[in-house]
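The values are calculated or read from the model by the stated rules, or taken from the named source; none is laboratory data. The shown structure was predicted, so the numbers you read here are calculated from the model rather than taken from an experiment. Cβ placement follows ideal geometry from the backbone for every residue including glycine, while neighbour counts extend to all protein chains displayed. For the accessible areas, the whole protein counts, side chains as well, though only heavy atoms, and no ligand, DNA or RNA atoms are used. Shrake-Rupley method; radii C 1.70, N 1.55, O 1.52, S 1.80 Å.
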Amino acid sequence: QVQLAESGGGLVQPGGSLRLSCAASGSILRFYVMGWYRQASGKERELVATITPGGTTNYAASVKGRFTISRDNAKNTVYLQMNSLKPEDTAVYYCNARQGATRTWGQGTQVTVSS
């Protein structure tokens with residue numbers, strides 16, 4: 001069973017950048033559809049981006065052109081590069097691994113965009 005650990009969150013000013021990492025253990029990530037989700041305070045969790053084993057990516061409209069999801073199968077890690085950050089990007093960001101009907105979540109990492 002895969003275990004996920006996110007890192008890279010923090011406080012950044014509007015217009016700044018952060019890169020989130022999601023390291024996996026217990027299984028091989030290249031067989032999974034990987035995703036980043038986020039949940040702002042008082043709101044439901046929402047999809048940010050996904051990447052398939054073949055490398056096809058999908059983004060929420062709110063982040064398209066600013067965020068990039070990628071995977072390094074050799075390191076068993078998935079990344080989310082976030083540029084041009086806005087205050088509305090403030091949320092806890094979660095990594096997700098999906099294989100068939102099985103979903104696994106990480107513990108989340110806080111991203112705060114504020115001046």
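Some values worked out for this structure:
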{"read-out": "Nitroxide proxy distance, nm - points 7 Å out along Cα→Cβ at residue 66 and residue 83", "value": "1.3 nm"}
{"read-out": "Bins of 10 Å, starting at 0 and running to the largest distance - Cα pair percent for segment 18-115", "value": "16, 53, 27, 4, 0"}
{"read-out": "Largest-first ordering by accessible area, 1.4 Å probe, given options 28, 69", "value": "28, 69"}
{"read-out": "Reach of residue 86 by Cα under 16 Å, taken over lysines that are not fewer than 8 positions away in the same chain", "value": "64"}
{"read-out": "By accessible area with a 1.4 Å probe, ligands and nucleic acids excluded, highest first: order of 36, 105", "value": "105, 36"}
{"read-out": "Where 67, 31 fall by accessible area, highest first, once all protein chains stay in place (1.4 Å)", "value": "31, 67"}
